[in-house]
Amino acid sequence: MAEAIPELGPPSHFFEKHFSTLADSNRLGPLLDLACGRGRHAVAAAERGLRVVAIDRNREYLEHLSKVVIKGSGFIEVIELDLESQERARLGEARFGGIIVSRYLHRALMASIESALAPGGTLLYETFLVAQRDLGWGPRRDAFLLQPGELPRLVPNLETLDYEEGESGDVPPAQTARLLARRPKSRTDG
């Protein structure tokens, strides 16, 4: 029997706050945990019954994640993919009922993230603000840090349902932008 990854830690407060919205979106397609790392959100969602696709470039993390015994009725499909190695990474069209991105930023992927959501699907995105530098850990380069108010502007075709900036409430403390957004349904979607 495989063991859970000890470094997982609990899901973020923002994930917990909006889990029911992500769960509702699972009827539209699986939840994508993009740049999942060790998989703390993928495991939490699967153990609560969701279908999850976990993508990351770290083969070791994914191998361990694929062996985690899920205690609920959900499951995790792992896919190894370097999202930054392609000129234009594509995630597919309208494939996912929900997408979660935590502590990862690659601005070139934002249009692909929008189009990968099924109409009515939700995006839960949390990542570091430039103020994170003051805490002495995490990314330092501007390419990996958001300016205040930037995150909603990166997904202009989605409807913002909740947006927060500042102290995340997680351990260790982090300065993050947190967005919950929905892809509008087209007129033919009903």
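The values are calculated or read from the model by the stated rules, or taken from the named source; none is laboratory data. Keep in mind the model is a prediction, meaning the values are calculated, not measured. Here the Cβ is made from the backbone with ideal geometry for all residues, glycine too, and neighbour counts use every protein chain on show.
Test each condition in (1) among the β-branched types (V, I, T); (2) within 16 Å of the chain's Cα centre (by Cα); (3) more than 20 Å from L50 (Cα to Cα); (4) outside any strand (DSSP E or B) for V171 and report the one that comes out false. Result: V171 passes all but (2).
Taking each residue of region 160-171 that is in contact (Cβ under 8 Å) with a residue 60 or more places away in the chain and looking for partners that are polar (S, T, N, Q) and not in a loop (DSSP other than H, G, I, E, B) with beta-carbon atoms closer than 8 Å, six or more apart or interchain, yields L161/T21; L161/T122; S168/Q175; S168/T176. Within region 98-115, take every residue that is among the small types (G, A, S) and at pLDDT 95 or above and give me the one that is surrounded by the fewest Cβ atoms within 10 Å (Cβ to Cβ). Ranking the candidates gives S102 first. Taking the numbered list (1) modelled with pLDDT of 90 or more; (2) farther than 28 Å from E164 by Cβ; (3) part of a loop (DSSP other than H, G, I, E, B); (4) not basic (K, R) in turn, E77 passes all entries but (3). When region 38-59 is filtered for residues that are crowded, with 21+ Cβ neighbours inside 10 Å and part of a loop (DSSP other than H, G, I, E, B), the ones remaining, listed by number, are R38, G39, L50. Scanning region 14-37 for residues that are over 21 Å from R107 (Cα atoms) and either at pLDDT below 95 or acidic (D, E) (or both) yields a total of 2. Assigned to a strand (DSSP E or B) and within 23 Å of C36 (Cβ to Cβ): which single residue out of R178, R140 fits that description? Of R178, R140, the one residue that is assigned to a strand (DSSP E or B) and within 23 Å of C36 (Cβ to Cβ) is R178.
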